[in-house]
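Structure, as structure tokens:
Quick note: the coordinates plus some simple rules give every number you see, no bench work behind them. Values in this document were obtained by computation on a predicted structure and should not be read as measured data. Every residue, glycine among them, receives a Cβ derived from its backbone with ideal geometry; neighbour counts consider all protein chains shown.
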Amino acid sequence: MPRTARAAMGGIIYHVSNRGRTGKTLFRSSDDFQAFVELLIEATAHASVEVFGFCLMPNYWHMILRPRGKTDLSKYMSWVANTHVKRYRACYPRSKGKVYQGRYESMPVQKGDDFVNLLGYIEAIPLRARLVESAEDWAFSSLGCEKKLVRQLLSDWPVERPDRWKKRVNKPLDKSVRGRLEVCLQRSRPLGDDHWSAKIAKKTHTEYKLRPIGRPAKKRAG
């Protein structure tokens with residue numbers, strides 16, 4: 001049976017991510033990284049999306065984007081994944097098995113502080129991984145990528161960019177903010193205030209993602 005389309009909404013910001021199957025390296029060289037950024041640019045001809053930020057790591061990637069219509073997120077990500085797999089296998093014919101662990105993960109993000117904090121979080125991943133001394137030194141993110149490619153791929157932010165953005169990205173996030181982001185990323189649950197998250201979850205039929213993990217505590221008798 002063909003896969004059903006993902007539940008998505010046009011005009012809503014999404015964080016999307018995927019990783020290589022069982023730790024498979026997706027990008028083996030700087031050429032692989034750059035080719036993927038160029039592929040993301042190509043993909044904008046196949047779906048109407050605004051891309052606000054990204055970070056590519058050797059075996060996974062993150063993006064923040066906004067599809068204009070309800071099918072544009074699926075169209076964009078499907079074209080990216082399918083095209084990348086074909087080119088990966090052509091470049092590395094000895095590589096066996098699936099390239100990706102599965103379909104991409106997606107998470108709605110409310111426009112505002114949550115959007116800003118999340119974008120800074122993903123641009124700082126190489127810094128937290130101790131691959132660079134400053135986040136902007138990683139050439140395969142929206143913060144450190146070549147300006148020419150950034151201009152071709154990225155759209156203007158839907159909110160005002162904070163002053164001294166690079167300095168902010170390089171500064172560790174408050175523990176409570178980071179913890180909240182990571183919980184939402186792990187569960188692909190809406191990232192926003194309670195009212196907004198509940199509304200989005202209802203519209204996308206993902207209310208279960210807002211529920212606490214684990215079984216509810218049993219009521220004591222008496």
Given a Förster distance of 30 Å, report the FRET efficiency between Glu133 and Lys202 from their Cβ-Cβ distance, rounded to the nearest 0.05. 0.10
Sum of -39500 (n - 2.57) over DSSP H runs of 4+, divided by residues of the chain (222 nm, nearest 500): -11500 deg cm²/dmol
Highest mean packing first, using Cβ neighbours within 10 angstrom, the peptides 12-24, 140-152, 48-60 sort as 48-60, 12-24, 140-152
What list of ³J(HN,Hα) values in whole Hz, one per residue of segment 102-114 in order, does the Karplus curve 6.51 cos²θ - 1.76 cosθ + 1.60 (θ = phi - 60°) give from phi, with Gly and Pro shown as x? x, 6, 5, 9, 9, 9, x, 10, 6, 5, x, 4, 5
Please go through the residue pairs Lys24/Lys147; Lys98/Lys199; Lys75/Lys203; Lys75/Lys98; Lys175/Lys199; Lys70/Lys199 and name each one whose alpha carbons sit more than 25 Å apart in this structure. Lys24/Lys147; Lys98/Lys199; Lys175/Lys199
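With charges only on Cβ, +1 for K and R and -1 for D and E, what is the dipole size of segment 13-199 about its Cα centre, in debye, rounded to 20? Let's see the in-between values first.
On the way: 33 positive and 21 negative charges, 152 e Å.
Taking the Cα centre of segment 13-199 as origin, the dipole is about 740 debye.
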If the convex hull of the alpha-carbon atoms of the chain is projected onto planes in all directions, what is the mean projected area in square nanometres? 15.6
In whole Å, how far is the Cα centre of segment 39-61 from that of segment 157-215? 20
